[in-house]
Amino acid sequence: MNVVFCSSEVFPFAKTGGLGDVCGSLPVALEKIGIQVTIVMPGYGCVSQAGIPVKSVSEKVSRAQIGNNIQVYFIEHGPYFDRKGLYVDDKGDYPDNLERFSYYCQQVLPLLKTIDVRPDIIHCHDWQTALIPVYVKERYAQDPFYAQTKTIMTIHNIAFQGVFQKDQYPQLGLESPFAEQSLEFYDRMNLLKAGVIYGDRVTTVSPRYAKEIQTKPLGCGLDHVLNDRYDGVIGILNGLDHDIWNPRTDRFIAAQYSADDFIDAKLKNKSQLQKELHFDVREEVPLCGFVGRLSHQKGIDLIIDALEALVSMDVQIVFLGKGERHYQEKLEQAADLYPGRIAVCSDFNEPLGHQIYAGSDLFLMPSQFEPCGLSQMISLAYGTIPVVFKTGGLADTVKQFSSVRKEGNGFVFKDYSSASFLKAMKKAIKVFKNEKDLHNIRGNAFQCDFSWEKSARIYQEIYHTIEKQ
Ligand code: ADP
């Protein structure tokens, strides 16, 4: 079976969050179970910094290889893709994002013909690729090359839909008129909506989020479009790439460790992190980490509101995050106010991310909504205990710890408020201070199995089902 992955992010070539991780590691997991995968993504300037050789194929296309034999094709167009950011700069979204990503989508199908990759499945990820199912069904409907091709639209975050002014519709080069049953969305143009309608199957990245996005509060206006699909939305939990996220082999951390032997190494990672952040090197103080986009979604407001109370509870907190400037400023002010207690790194820093996952005791992830979330899974793999809000993939992967039953791998609060977050933090700190409980909860964390294999097999089943439709 021939599967083509289309994504605007593929680690290690380009990543701003979980989408990059998933589209870098799921193809490798699929290849391991016998599926042939080809990837097509935009040829950003940063692609050449991944440490993987990139060869030119033509003026418009270059190529690299990952996994055993996965070819990654880059659609080149300097004016669109050779920029500092993938989607935004300091001023906000690039104003020509529609032009950029519709260009990319329009190049994919001709490229596959040129390189003679006849896809059984084109697996599209998020709004940047959502026009591809439309082109397959409209522009290439009569083309024998794509006669057997089916498309899947995977939603990694329904809050990002690619919404643009409707007068830009002619740019898409579609013959059919702008219409309510395709791209029209409250008098604007919505690319993800089109992907949901034209895709042969719609999936998302956790079972709970699949249900949530079909409801008004979390569907971001697309709930009725999803509800209109006779086959619904399938939720498949993302996995972790253990070649990258593995405390046994992690080259970024001070001391490597395993589930069987971690106590000394975890302390070493903690003290190293404390030194680097200019915190007092103290074993008994809970070190709390945050790694993620600085946006409302990630629950940053709850954390900021709780900072004063947290600091008074004798904790240290490190934030690694890029995102909205006002959050960055608030966190930097807090770091100035509480030196030695709060540290902030407003950058995208892969090595520091690994050091925080390994060196922290608790991981803060009170996201207001979370399609799947990789950070909590990574923290669990590193024996760092997550504190989360009960939503989406967080609810599917983190279970409340009970010291009586010795069950659970983290702390989960159900009412989205700073007070409830603080309550959960108090419970977490209490467990951290109890040697037996800490040992039990860490053991439970290490036992979680988030490997890709299980999910890759579910995708394989879906590919087979729609192939036969
Ligand atoms: P999302 O995709 O919503 O941003 P996820 O939890 O699914 O969130 O994935 C986030 C991924 O991005 C993780 O691999 C996390 O470690 C990484 N990440 C996020 N922000 C940063 C940052 N500032 N520096 C390094 N890694 C980051």
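Here, each number is a calculation from the coordinates, and none is a lab measurement. These numbers were taken from a predicted model, which means no experiment stands behind them. We place every Cβ from the backbone using ideal geometry, glycine too, and count neighbours over all the protein chains shown.
If contacts are Cα pairs under 8 angstrom and at least 6 residues apart, what is the relative contact order of the chain in percent? It would help to have the intermediate numbers written out before the result.
Details: 895 pairs, mean separation 58.1, N = 469.
With pairs under 8 Å counted, the relative contact order is 12 percent.
Suppose we keep just the DSSP beta bridges with both residues in region 1-135; what percent of those would be antiparallel, to 5? Show your work: numbers first, answer last.
Working: 11 of 25 bridges.
Expressed as a percentage, antiparallel bridges in region 1-135 total about 45.
Between Asp261 and His77, what is the label-to-label distance in nm when each label sits 7 Å out along the Cα-to-Cβ direction?
Here the modelled spin labels are 5.5 nm apart.
What is the gain in length, in nm to one decimal, between Lys430 and Lys468 on full extension, counting 0.36 nm per residue of separation less the C-alpha to C-alpha distance? It would help to have the intermediate numbers written out before the result.
Values: separation 38, 0.36 × 38 = 13.68 nm, distance 5.43 nm.
That works out to 8.3 nm of additional length.
Counting Lys and Arg as +1 and Asp and Glu as -1, what is the net charge of the other residues whose Cβ lies under 10 Å from the Cβ of Cys46? Don't skip to the end; give the middle numbers.
On the way: positive: Lys15, Arg83, Lys84; negative: Asp82.
So the surrounding residues net to +2.
Nearest 5 is fine: what % of DSSP beta bridges in the chain come out antiparallel, could you say?
Values: 18 of 64 bridges.
Counting only bridges with both partners in the chain, antiparallel ones make up about 30 percent.
Listed highest first by mean packing, meaning other Cβ atoms within 10 Å per residue, what order do 369-377, 393-401 come in? Spell out each step's value before the answer.
Values: 369-377: 27.1, 393-401: 22.0.
Top to bottom by mean Cβ count within 10 Å: 369-377, 393-401.
With +1 assigned to the C-beta of every Lys and Arg and -1 to the C-beta of every Asp and Glu, and no other charges, what is the dipole magnitude of region 263-446 about the Cα centre in debye, to the nearest 20? Working shown, then result.
Numbers: 23 positive and 22 negative charges, 126 e Å.
Taking the Cα centre of region 263-446 as origin, the dipole is about 600 debye.
Describe numerically, in nm with one decimal, the distance between label points set 7 Å from Cα along Cα→Cβ at Glu138 and at Ser403.
Result for the modelled spin labels: 6.1 nm.
What are the membrane-span-like helices in the chain by this rule: whole DSSP H runs, Cα extent along the axis at least 27 Å, mean Kyte-Doolittle hydropathy at least 1.0? Please list the in-between numbers first.
On the way: long enough: none.
Counting only whole DSSP H runs, no helix qualifies.
In which sequence would Arg293, Arg201 go, from the one with the fewest C-beta neighbours within 10 Å to the one with the most?
Values: Arg293 18, Arg201 21.
The fewest-first ordering by Cβ neighbours comes to Arg293, Arg201.
What is the projected area of the convex hull of the Cα atoms of region 219-363, averaged over all directions, in nm²?
Values: hull surface 45.0 nm².
Answer in nm², one decimal: 11.2.
Which peptide among 78-86, 211-219, 24-32 comes first, and what is the full order, when sorted by highest mean count of other Cβ atoms within 10 Å?
On the way: 78-86: 14.6, 211-219: 16.2, 24-32: 22.0.
Averaged packing, sorted descending, gives the order 24-32, 211-219, 78-86.
Please name which of Val431, Leu362, Tyr416 has its Cα lying farthest along the dipole of region 315-469 towards the positive end, using unit charges on Cβ (Lys, Arg +1; Asp, Glu -1) and the Cα centre as origin.
Val431
Grab the other residues whose beta carbon is less than 13 angstrom from that of Arg251, score K and R as +1, D and E as -1, and report the net. Provide the component values of the computation, followed by the final result.
Numbers: positive: Arg248; negative: Asp243, Asp250, Glu350.
For residues surrounding Arg251, the net value is -2.
If we sort 234-241, 281-288, 259-266 on the protection proxy, mean other Cβ atoms within 10 Å, highest first, what's the order? Walk me through the numbers before you get to the answer.
Values: 234-241: 21.1, 281-288: 16.5, 259-266: 14.2.
Packing proxy ranking, top to bottom: 234-241, 281-288, 259-266.
Please compute the length gained on full extension between Arg325 and His296, using 0.36 nm multiplied by the number of residues separating them and subtracting their Cα-Cα distance. It would help to have the intermediate numbers written out before the result.
Details: separation 29, 0.36 × 29 = 10.44 nm, distance 1.18 nm.
Fully extending the segment from Arg325 to His296 adds 9.3 nm.
Work from the charge dipole of the chain (Cβ charges, +1 for Lys and Arg, -1 for Asp and Glu, about the Cα centre) and give the residue of Gly292, Gly34, Pro177 farthest towards its positive end.
Of the options given, the answer is Gly34.
Just to be sure I understand: of the beta bridges DSSP finds with both ends in region 263-446, what percent are antiparallel, rounded to 5? Please report the intermediate quantities before stating the final value.
Numbers: 1 of 21 bridges.
Given both bridge residues lie in region 263-446, the antiparallel proportion sits at roughly 5 percent.
Take the Cβ-Cβ distance between Phe145 and Asp231 as r, set R0 to 25 Å, and report the resulting FRET efficiency rounded to the nearest 0.05. Don't jump to the answer; show the numbers that get you there.
Details: r = 26 Å, r/R0 = 1.04.
With a Förster radius of 25 Å, E is 0.45.
Expressed in nm², what is the orientationally averaged projection area of the convex hull enclosing the Cα positions of the chain?
Values: hull surface 86.2 nm².
It is 21.6 nm².
Using the crude model of +1 on Lys and Arg Cβ and -1 on Asp and Glu Cβ, and no other charge, please compute the dipole size for the chain relative to its Cα centre, in debye to 20. Don't skip to the answer; put the middle values down first.
Values: 50 positive and 57 negative charges, 174 e Å.
My answer is approximately 840 debye.
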